[in-house]
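Below: the structure, in structure tokens.
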Amino acid sequence: MDLFHAVILAIIEGLTEFLPVSSTGHMAIASAFFHIENDAFTKLFEVVIQLGAILSVVVLYWKKFFDFKKIAFYVKLFIAIIPALFVGALFKKHIDNVLENPLFISIVLLTGGIILMFVDNWFKESEIKTEEEITPKKAFLIGLYQVLAVIFPGLSRSAATIIGGMQLKLTRSLAAEFSFFLAVPTMMAATVKSIYDIWKDEPAVLNTQGIQYLLIGSLVAFIVALIAIKFFIGFLQKYGFRWFGVYRILLGTLLIGLILMGKL
């Protein structure tokens, strides 16, 4: 990986992290397209810049994140993150193997797109309009939906958790916001774990150049994500999921075709 690749991946991450199109899937496909070696540093880089993008949520919703009077908010995030932490540790080797298989990711992109075409019709009725109304039980169930994205890279963490929230009667906008909030501790935990693993097994990866790439990539992803998250909320409220489904179907079909022809 060189600096150009680092910036490209960071832009892709920032654009797609909060959209229901799978940032992990897009980065995996981009890595295959640019022939970026899937080594230990690349895997670490892709996790760290996801945290960079997700920290934009803290900036945009800083009043919510730093309102320490509402302990229940933090408790619900902690409860919701438990399933992903457990499953992520249990299936780490499976996840790493899947991320090296563009065909699998492309099929998941396509399948997820078909699902998104019908989501708005499935969950029209909503009763829960504020975060305070989300019970610990519902928070845990949304966390279980997040597990699907952990097991099936390319599904999209945001799509899984937003759909899970809507199935539990949250409004589209509230389901999206809770998905954003949940992403912060999830990716913090993933980043700490990835850095620890690298430090333990391959400390040479964290050299001066590597750290520079991580910082630049995180900053680029953060800035791009600030713009993307505002776009997503407005687009989702106005148009719903249908057009994201169309995009995923077209992209998944194109990628499957390129892979079968040996072009990717």
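Values in this text are rule-based calculations from the coordinates and carry no lab data. Here the structure is a predicted model, which means the values were calculated and not measured. All Cβ positions, glycine included, derive from the backbone under ideal geometry; neighbour counts span all protein chains shown.
Sequentially through segment 143-149, phi angles give Karplus couplings (6.51, -1.76, 1.60; θ = phi - 60°) of x, 5, 4, 4, 4, 4, 6 Hz, Gly and Pro residues having no value and appearing as x. This ranking places D201, D67 by how few other beta-carbon atoms lie within 10 Å of each, fewest first, which gives D201, D67. Mind jotting down the distance between the C-alpha centroids of segment 1-44 and segment 155-222, whole Å? Cα centres, segment 155-222 to segment 1-44: 13 Å. Taking Lys and Arg as +1 and Asp and Glu as -1, the other residues whose beta-carbon sits under 11 Å from that of S31 total -3.
To the nearest 20 debye, what is the magnitude of the charge dipole of segment 3-260 about its Cα centre, counting +1 on the Cβ of each Lys and Arg and -1 on the Cβ of each Asp and Glu? Provide the component values of the computation, followed by the final result.
On the way: 21 positive and 18 negative charges, 162 e Å.
Here segment 3-260 has a charge dipole of around 780 debye.
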